[in-house]
Amino acid sequence: METLSPQVSISLIKSSISSLLGTKKLPIDRNEWEGYFDESGHLVKSKDFISSNILDRGLDPSVRPEAWKFLTGYYPWRSSWDERLTVDGMRRKSYDDLCRMYEKIQPLLETEHRGFMQARSFINSDLQRLYTRDLRGNAMVDKKQLEKILLLSYVCNVKAEYQQGFHEMLLLFQLLVEKEHEIYWLFQFFLQKTEHGCVIHIGVGKNILMLKAVIAFMDPLFAKYLDGRGSRVVQSLFPWFCLYFQRVFKSFDDVWRLWESALQPPALIILRALPWERGALAEVFLTGKPCRNFQVFVAYTMLQMVRDHILREAMSGDDILMVCNSLIDLDADELISEACSMYEHLMKYEDKIPGELKEFFT
């Protein structure tokens, strides 16, 4: 029988108490996180166990920088402390090699590559608008570092290149970890893990098509109404996907919280207790029915928040877009919970789900 450490036991007790009181579950803190590893740094819990807890409860800020290295694939889950030190050294060396390569070809890019100069212009323009100080006036952002990493990403990641708004996404990685090579690789691994779903010419268009398909399948009345307001109503929601909903939350912590859900293994999705069931200790797991592209259910859930208002007011296309853009200061835990519930509802009709939808989410 597995024996829990005192720290883990205390964390579980606190989590149970918070659930019984109807409050948010406490995130995984430093003591609990360290209890997931033995003295050599190997996992003593399964990857699925840890991932399910992260999705269900979130991460304490003190844990997030290290945990994200596992979630993104920066570190292998099956590794020791020493092996992770080796991996980090390899990542640093690879980044330094890329930087040296970039320095050598930069003059050629500036004179012969029109796309590079255009990308640099966009990056500089975006960074100029980026707020760089905290409430006390202290410098919060290293713009030079952001520019360097974004340009390097443009040159090395030919699939994603540069997209206006990437500077806002990269900022969260700069605030998450300290070392430059960690910022670069976490950003690259995040794009890969999310299948470049935020890139306009790769994943955004597909997300929009699947969002329309989900609306048509789950809410035909609303789908018919939206179609009657013009074919571009749903397409106009593309900024949600381009920034992975970064602008709809109260804080960076909420953004990280949602992004963590996007980094979970596709073989596991947790359905958190519904608002009226939060006193229950039981959690519903969906195993064996993976849910890729969870961001589409997040978008569908947000649309459902304003659905009745849209229909009641018989809104036009422009008004619909305006009310959707007014969805700000959302709570990530509540949004994830509701989106998981939407996914559960869809799975009740699994035998009737169109093949394209089923393939997209599994």
Of all chymotrypsin sites (Phe, Trp or Tyr not before Pro) in the range 310-362, the ones in DSSP coil with at most 11 other Cβ atoms within 10 Å are Y349
Going highest first, how would you order 201-210, 117-126 by mean Cβ packing within 10 Å? 201-210, 117-126
Where GluC sites (Glu not before Pro) fall in DSSP loop in the range 37-145, at most 10 other Cβ within 10 Å: E39
How many percent of Cα pairs in the range 81-193 exceed 22 Å? 35
For the range 107-117, Karplus couplings with θ = phi - 60° (6.51, -1.76, 1.60), whole Hz, Gly/Pro x: x, 5, 4, 5, 9, 10, 10, 4, x, 5, 5
Using amide H atoms built in the peptide plane, which far-off residues or other-chain residues are under 5 Å from L59 H to H? I28
Of K25/K224; K148/K358; K104/K159; K69/K148, those spanning more than 32 Å from alpha-carbon to alpha-carbon: K25/K224; K148/K358
Can you list the residues of the range 297-333 with backbone N under 20 Å from a point 7 Å past the Cα of R232, pointing along Cα to Cβ? 315-326
Provide the FRET efficiency to the nearest 0.05 for the R30-T362 pair, computing r from the beta carbons and using R0 = 35 Å. 0.50
Cleavage-rule hits, GluC sites (Glu not before Pro), the range 171-239, DSSP coil, Cβ neighbours within 10 Å at most 12: E178
Here FRET efficiency (C-beta to C-beta, M347 to H113, R₀ 56 Å, nearest 0.05) is 0.75
Between L330 and residues 5 or more places away or on another chain, which pairs have amide H atoms under 5 Å apart, with H built 1.01 Å from N, and which residues are they? F249, K250
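Quick note: the coordinates plus some simple rules give every number you see, no bench work behind them. This one's a predicted model, so the numbers in the text were calculated from it and none came from an experiment. All Cβ positions, glycine included, derive from the backbone under ideal geometry; neighbour counts span all protein chains shown.
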